[in-house]
Amino acid sequence: MEWTAARSVWHVSGETRAATEESDSRGGVRGEYGECDAMDRGRRPLWQEEPVTRRRMADPVRTAAVRAVIIVAVTLIQAMVAFLCTLARSWFAFPAVLCTVASTIVATWAVLDVWVTRQVWVQRHGVRSEPSSTARQLRRERRVARRQGRRRPSEEPSRTDRAAA
């Protein structure tokens, strides 16, 4: 399939560009969409990708989450087998339904285990927080100044007489 339109217009960050093949002053073709290098200088890109810094889950929490996902997947498969066996009026339908009920209870516990494990991890190891406001920075500076003030020897004479003690 060949595109034969002589001119196509497309919209980029508030401007409209014509998509034609025109030659520039050096005799070369500008580009696939008619833009040249001079047009793109000093422009912002359409979007800026910012990496999301999401901390990795703690090992016990991740282990519990993987276990829960596997148990839930097996439970869903068992439920589908039980449903299909029931539709087919197979003898295996009743044991499959019983296993599905038991697996549902186990899957519920596995999902709760992820939540409990996460809560225990946070309680034992705390949450690492990064200062995000200027108020925290000011408090930190005051705290450092206080600590340095305590470490300096006082210039006043001591109130207790060491020779008498």
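Odds and ends about this structure:
- Full extension of the chain between V120 and A102 yields a length gain of 3.8 nm, computed as 0.36 nm times the residue separation minus the alpha carbon distance.
- Rounded if a/c under 1.5, otherwise prolate or oblate - the stretch 47-102, Cα gyration tensor axes: oblate
Every number in this text was worked out from the coordinates using simple rules, so none of it is lab data. All values derive from a computational prediction rather than experimental measurement.
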